[in-house]
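Peer 1: Below is a structure I'd like to ask you about.
The values are calculated or read from the model by the stated rules, or taken from the named source; none is laboratory data. This structure is a prediction, so every number in the text was calculated from the model and none was measured. For neighbour counting, all protein chains shown are included, and Cβ atoms are generated from backbone atoms with ideal geometry for every residue, glycine included. Quick note on the areas: whole protein, heavy atoms, side chains included, nothing else; ligands and nucleic acids left out. Shrake-Rupley method; radii C 1.70, N 1.55, O 1.52, S 1.80 Å.
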Amino acid sequence: MTILTPTSKPVSGASLSDVPQGAAPAGLPDVATLSRLATAFFTALPGSAGSATPALASLGSGSGESLSAGLPVAAPVLASASNPAPPGSPLAGPGGAGTGVPGLSLPQGKAPGANLLPSAPTHVLSLGNRVPALAPHAVSQNNVPDSVTSAAPALEPRFGSAALGVGVPDGAQRDQPAASPFYFLRDAGASSGANRELPLPGHDVPTAESFGLPSIDDLLPFNSRERAGAAGGEPDRAGAFYFLDNARAPHSNEHLPQTGSAHPPFDVNAIRRDFPILQERVNGRQLVWFDNAATTHKPQSVIDRLSYFYAHENSNIHRAAHALAGRATDAYEGARDTVRRFIGAASAEEIIFVRGTTEGINLIAKTWGVQNVGEGDEIIVSHLEHHANIVPWQQLAAQKGATLRVIPVDDSGQVRLDEYQKLLNSRTKIVSVTQVSNALGTVVPVQEIVAMAHRAGARALVDGAQSVSHMRVNVQEIDADFFVFSGHKLFGPTGIGVVYGKRDLLEDMPPWQGGGNMIADVTFERTVFQAPPNRFEAGTGNIADAVGLGAAIDYVTRVGIENIGRYEHDLLAYATSVLQPVPGVRLIGTAKNKASVLSFVLKGYETEEVGQALNEEGIAVRSGHHCAQPILRRFGVEATVRPSLAFYNTCDEVDRLVSVVRRLSSRR
């Protein structure tokens, strides 16, 4: 046989079969020693080869000599690497992810996954058993095509994984989080147990560190509340941003607090692998999706659920004796109950499926509004509203001779409750406000606004389109009379949304469309309508996408809405801290309570120019008025650039955006 030495020179010699059992050729360690060497080598963690040196050095050739005195033993070269990793990868090693030879170069275009852009957050890993359609469609920066998508081994997350909080032992208990001033931790325990994120089992939990990757604590700053709590004090609220109090650099490991947490670990790379579109390339660059306030992407579990519905359950609902009608009805009504649990409604009959938030507000204005608003009455909205929460009320006011009044905002973009109190009077019939501004990210104190409306004898509607994906919502605790949101901003399909209404209000409201599904009996003389919610769902509904929305809510619940809010809070803090100092950047909307929206303008540039420059680098943002012209004009601008973040975004992606903005800034 031929034996390869560390210098890769062939050495001819007898085969091992010619050597007596237990012996070894001259100059080579015996078989037992080789076995011990292999065991020590393969049990060493990636990147910890140095820690195995003493064990290897202690293994001699039987005469007490170190191996360095005899024939050195190189790391074995695997004949077949099914999951190769690029050189320098923290996972390169003989454990199944790399060649096993540190520093060994991989030929460009020959090793799947080795050719991804260095800036890609998951560029070091690849799996050969993923769906072929998930392979990148474009070439990398050096014009060599990639052939597989990137993913971590042994973590197939299609229907969630241990890293996302799946697999709760029977009887598992978790501590309730302490009260917090942060918007995303409020009401954490207010809803039913089915609403809470599931805790992880206490063993065999894969983490970023177990793959040699930095933990989220190494990447993002802890919030000041936790640091202040550890120090026995309260955070300083004097700063311009509550989330920047004492913020540290996100890549520093110094002074990490050693505090326990009731939250499961959050691994952004595991989350990203659940969203196949994040592997797309735009202009030769890996996609960065910072347009989440416009629409969010869909996890594979939602895509699979839609596919399953059309393959196995597709039917119209409610009125048929056949099996598929029963399956479709169960899936549709099951999704309704999933929504009920998610927002804390008292009954599934209070949940109406519509096309989205816009249709939901129109439904309320054209039913309850037409029935209850008259001449001389008043409707109140805030200066922060999306056009969808302005135009229907303008139309109603014009139709009925009512007056539309507006709650002003301060210079940070937060509503002024003192001025709102002055607007309330006996003529006020309804107050309709957003919970989170789509243009500024301001988190509005809706619970206080609703309570003040009720004290004045008015009803209250809350627009939750921008809030449900970032924070826990409990409609009973808010005490909203109506609550509306859209599925596509909650990682679900487009064309599906929800109206929540208190049961007594819905029962008194007339239908706003007529047709099938919403009637109990029809003659040519009269029609008897169904009870809510069917009364408001005329015709064949968007059955499949309602089911898809239920799957999206299940996914968010598995991850944990508090986990999402905590991560996005720190990511927004980091993004603000690196974008705000760029010369020429002006942030629009600086309220202390903000969700994941950064609206800005850059001196010397039209917003479209900035958006185009970012798109050239594969970064998607929204530039324009965001269907919220009144609030932008309040700050003296007609349009902004709006990066909006989600829980699958990373600090590296933020750095890519800021790098482009800095380059533009330096030119003018």
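Peer 1: Percent of Cα-Cα pairs more than 12 Å apart in the range 399-455, please.
Peer 2: Summing the P(r) tail past 12 Å for the range 399-455 gives 68 percent.
Peer 1: Size of the range 444-571 along its principal axes in angstrom, Cα-based, largest extent first?
Peer 2: 62, 41, 17
Peer 1: For the range 516-622, which GluC sites (Glu not before Pro) pass both filters: DSSP loop (anything but H, G, I, E, B) and at most 16 other C-beta atoms within 10 Å?
Peer 2: Qualifying residues, ordered by number: 525, 606.
Peer 1: Here's a follow-up. Against the globular-protein guess of 2.2 N^0.38 Å, express the Cα radius of gyration of the range 546-668 as a ratio, rounded to two decimals.
Peer 2: 1.14
Peer 1: Applying the Karplus parametrisation 6.51 cos²θ - 1.76 cosθ + 1.60 with θ = phi - 60° to the phi angles of the range 646-654, what ³J(HN,Hα) value in whole Hz is obtained for each residue in order, glycine and proline being reported as x?
Peer 2: Those phi angles translate into 9, 6, 9, 8, 9, 4, 4, 5, 4 Hz.
Peer 1: Quick one: which residues, 5+ away or cross-chain, put their amide H under 5 Å from the amide H of residue 282? H built at 1.01 Å from N.
Peer 2: Here 287 satisfy the definition.
Peer 1: May I pose another question? Note down the nm distance, to one decimal, between modelled labels 7 Å out along Cα→Cβ at residue 667 and at residue 527.
Peer 2: Here the modelled spin labels are 5.8 nm apart.
Peer 1: Under a crude label model (7 Å from the Cα following the beta-carbon direction), how far is residue 36 from residue 323 in nanometres?
Peer 2: 6.4 nm
Peer 1: Show me, for the range 381-392, the HN-Hα J-couplings you get by feeding each phi into the Karplus relation (A = 6.51, B = -1.76, C = 1.60, θ = phi - 60°), rounded to Hz, glycine and proline as x.
Peer 2: Running phi through 6.51 cos²θ - 1.76 cosθ + 1.60 with θ = phi - 60° gives 10, 9, 5, 7, 5, 5, 3, 5, 10, 10, 4, x Hz.
Peer 1: Between residue 477 and residue 404, what is the label-point separation in nm under the 7 Å Cα-to-beta-carbon projection?
Peer 2: 3.3 nm
Peer 1: Return the loop-located trypsin sites (Lys or Arg not before Pro) in the range 262-364 (DSSP other than H, G, I, E, B) with at most 16 other Cβ atoms within 10 Å of their own Cβ; answer none if there are none.
Peer 2: 319
Peer 1: Provide the solvent-accessible area of residue 386, counting protein heavy atoms only and rolling a 1.4 Å probe, rounded to the nearest 10 Å².
Peer 2: 60 Å²
Peer 1: First compute the accessible area of the range 525-668 with a 1.4 Å probe, then give the percent of it belonging to carbon and sulfur atoms.
Peer 2: Roughly 45 percent of what the probe reaches on the range 525-668 is carbon or sulfur.
Peer 1: Would you please give the residues with an amide H less than 5 Å from that of residue 354, counting only those at least 5 places away or on a separate chain, with H modeled from the backbone geometry?
Peer 2: Close amide H contacts, sequence-distant or interchain: 497, 498, 499.
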